[in-house]
């Protein structure tokens with residue numbers, strides 16, 4: 001059954017359609033990924049689902065409650081990790097989590113235990129009395145996810161959870177996020193513009209310019225690209241092209257000094273291909289489709305960077321300032 | 001509806017941070033001290049005050065008022081700052097009422113402001129004032145009440161805060177005039193009519209007047225312009241009206 005139901009949701013900022021007639025459902029206990037370039041409308045959608053922003057039209061139902069008319073009930077059901085950190089760096093890890101528990105009206109008798117459990121789950125229990133500003137970027141992110149889990153929400157929203165983290169911290173964070181649905185029974189709704197991160201999702205919606213342009217499991221989406229791509233370098237590309245057409249009835253294309261063919265099973269096709277072409281082949285590689293190819297295939301372009309408005313610029317400079325002065 | 005747990009969390013957080021950040025305490029105390037001794041000290045040489053107090057003594061309640069004004073306004077403005085950049089989002093996405101958030105912010109700003117005002121107050125022997133223990137104990141809750149009224153105004157101002165540029169606009173067109181037209185530096189009754197009129201609509205005027213009523217009781221024509229009960233009534237009404245307007249504006253914006 002679906003725990004999030006979104007129906008013809010739109011959000012306009014003046015003339016800009018940040019979210020444009022979006023529909024989707026999220027099944028309980030799954031990881032749902034919102035994938036798209038910066039400025040595609042991911043954060044706007046999350047803000048609406050978290051009741052921080054009112055939609056222009058359409059409905060959003062979270063855990064059975066309407067985000068516009070029952071915001072307080074929605075907020076009780078969800079935990080949120082925003083793109084920018086909302087930890088208080090001048091408080092300790094323990095204080096950050098304790099205040100969260102109080103804000104969410106967690107019973108006094110349970111607070112201590114829930115906070116300690118959360119800290120143990122992310123492996124920061126030993127450092128609970130350290131100020132957050134002494135933590136590394138990866139530790140802060142983990143702490144933030146742990147904080148969002150303290151009140152035992154049914155749904156966890158993660159907006160670009162790994163933004164600005166080094167590869168090791170990213171892996172570390174994913175390792176622990178992917179444990180959550182099974183161990184804590186939580187549904188995860190996340191956004192990302194890293195294609196490789198979306199691989200962990202059970203279902204993905206690809207969003208571009210406010211519209212959902214594709215939906216499905218990572219496997220389904222990759223299949224939609226039409227199979228593997230074989231890249232060849234030969235001594236005579238034109239001759240190779242005609243051999244492939246005549247002997248194997250496949251259509252290849254030339255891009256730069258390379259030749260590429262899209263086939264269903266690249267590994268199975270390779271021996272035959274080399275037998276036909278003989279020694280004009282200089283090099284060959286097979287590429288499995290990635291979600292990146294899915295995106296390219298659908299939109300015909302690389303991930304587009306949005307021109308920032310002035311508030312974004314300010315935020316960016318604050319982020320840069322923080323990065324420089326944080327003792328990470 | 002006001003949820004006490006929200007007011008508690010916002011205040012406890014502010015208080016802990018205040019205790020941990022020693023530099024913030026020092027820098028916020030620097031301003032009143034500079035004004036008191038560098039501005040007040042100079043003026044006291046050329047301004048004949050008449051009656052039985054020096055200009056520095058007359059200025060002292062005004063300096064406490066200044067400490068309250070700056071600390072309260074800026075801690076209130078951080079409500080928007082926090083929303084864009086940090087912790088406020090954590091509070092706003094929690095199942096708590098916006099009214100509690102606004103009241104919590106006003107209370108937390110007032111706590112910090114009261115501590116700073118009290119520290120400045122303890123300098124009273126340096127300007128030759130004599131205060132009884134009772135007066136000192138009275139000024140502390142009084143400072144809290146004034147702080148709360150100013151913080152309520154600050155929150156309303158904060159909802160108009162759009163960008164970094166508005167910061168200097170707020171400074172130059174709201175905070176500084178509020179200070180100069182509050183009776184902090186000149187007795188109201190000596191101001192030109194037009195300024196006197198404006199000063200009557202300045203909430204800080206009554207806050208500083210209340211402080212004058214306690215700190216410089218027997219200053220004659222350099223002393224308070226209104227009675228203490230009138231001052232307190234206005235401080236109370238201002239708090240009530242502005243916290244209401246601030247909450248409405250904050251609800252609409254956030």
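Tabulated values for the structure
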item	result
Those residues of the range A:101-121 which are surrounded by fewer than 20 Cβ atoms within 10 Å (Cβ to Cβ) and away from chain B (no Cβ under 11 Å), in sequence order	A:107, A:109, A:110, A:111, A:112, A:113, A:116, A:117, A:120, A:121
Only one of B:146, B:170 that is modelled with pLDDT of 95 or more and out of contact with any strand residue (DSSP E or B) (no Cβ under 9 Å at 6 or more places or on another chain)	B:146
Helices (runs of 4 or more DSSP H) (entirely within the range A:202-291) containing at least 1 residues that are under 28 Å from residue A:191 (Cα atoms)	A:218-224
Looking only at the range A:122-135, and only at residues there that are in a helix (DSSP H, G or I) and under 28 Å from the mean Cα position of the chain (by Cα), the one that is surrounded by the most Cβ atoms within 10 Å (Cβ to Cβ)	A:132
Qualifying positions in the range A:6-30 - touching a residue at least 40 places away in the same chain (Cβ under 8 Å) and within 19 Å of the chain's Cα centre (by Cα)	A:6, A:18, A:19, A:22, A:23, A:24, A:26, A:27, A:28, A:29, A:30
Residue in the range A:211-219 that is farther than 30 Å from residue A:10 by Cβ and touching a helix residue (DSSP H, G or I) at 6+ places or on another chain (Cβ under 8 Å) present	no
Test: residue in the range B:230-253 that is within 18 Å of the chain's Cα centre (by Cα), free of Cβ contacts under 8 Å to residues at least 60 places away in the same chain and outside any helix (DSSP H, G or I)	no
Sole residue being touching a strand residue (DSSP E or B) at 6+ places or on another chain (Cβ under 6 Å) and either in the same structural domain as residue A:64 (by TED's automatic domain parsing) or farther than 20 Å from residue A:82 by Cβ (or both), chosen from A:98, A:131, A:124	A:131
Helices (runs of 4 or more DSSP H) enclosed by the range B:41-99 - at least 1 residues per element that are within 10 Å of chain A (Cβ to nearest Cβ)	B:55-85, B:87-92
Selected residue [under 18 Å from residue A:157 (Cα atoms), within 14 Å of chain B (Cβ to nearest Cβ) and in contact with a helix residue (DSSP H, G or I) (Cβ under 7 Å, 6 or more places away or on another chain)] from A:98, A:91, A:53	A:53
Test result for residue B:117, in contact with a helix residue (DSSP H, G or I) (Cβ under 6 Å, 6 or more places away or on another chain) and either without any contact (Cβ under 8 Å) to a residue 40 or more places away in the chain or not in a helix (DSSP H, G or I) (or both)	no
Contacts under 6 angstrom Cβ, first residue in the range B:162-187 being outside any helix (DSSP H, G or I), partner modelled with pLDDT under 90 and surrounded by 15 or more Cβ atoms within 10 Å (Cβ to Cβ), 6 or more apart	B:187/B:222
Candidates A:156, A:163, A:173, filtered to the one that is in contact with a strand residue (DSSP E or B) (Cβ under 6 Å, 6 or more places away or on another chain), closer than 30 Å to residue A:25 by Cβ and in contact (Cβ under 8 Å) with a residue 12 or more places away in the chain	A:156
The lone exception for residue A:71 - which of (1) facing another protein chain (nearest Cβ under 9 Å); (2) farther than 21 Å from residue A:24 by Cα; (3) surrounded by fewer than 22 Cβ atoms within 10 Å (Cβ to Cβ); (4) in contact (Cβ under 8 Å) with a residue 12 or more places away in the chain it fails	(2)
Lone unmet requirement of (1) surrounded by fewer than 19 Cβ atoms within 10 Å (Cβ to Cβ); (2) within 25 Å of residue A:198 (Cα to Cα); (3) in contact with a strand residue (DSSP E or B) (Cβ under 6 Å, 6 or more places away or on another chain) for residue A:59	(2)
Residue tally, condition over 17 Å from the mean Cα position of the chain (by Cα), more than 13 Å from chain A (Cβ to nearest Cβ) and over 30 Å from residue B:99 (Cβ atoms), over the range B:1-33	1
Residues of the range A:165-188 that turn out to be surrounded by fewer than 16 Cβ atoms within 10 Å (Cβ to Cβ) and outside any helix (DSSP H, G or I), as a count	4
Scope the range A:224-261; condition at pLDDT below 80 and closer than 30 Å to residue A:26 by Cα; matching residues	A:224, A:225, A:226, A:227
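The values are calculated or read from the model by the stated rules, or taken from the named source; none is laboratory data. Source: prediction; values computed, not measured. Backbone-built Cβ (ideal geometry, glycine too); neighbour counts: all protein chains shown.
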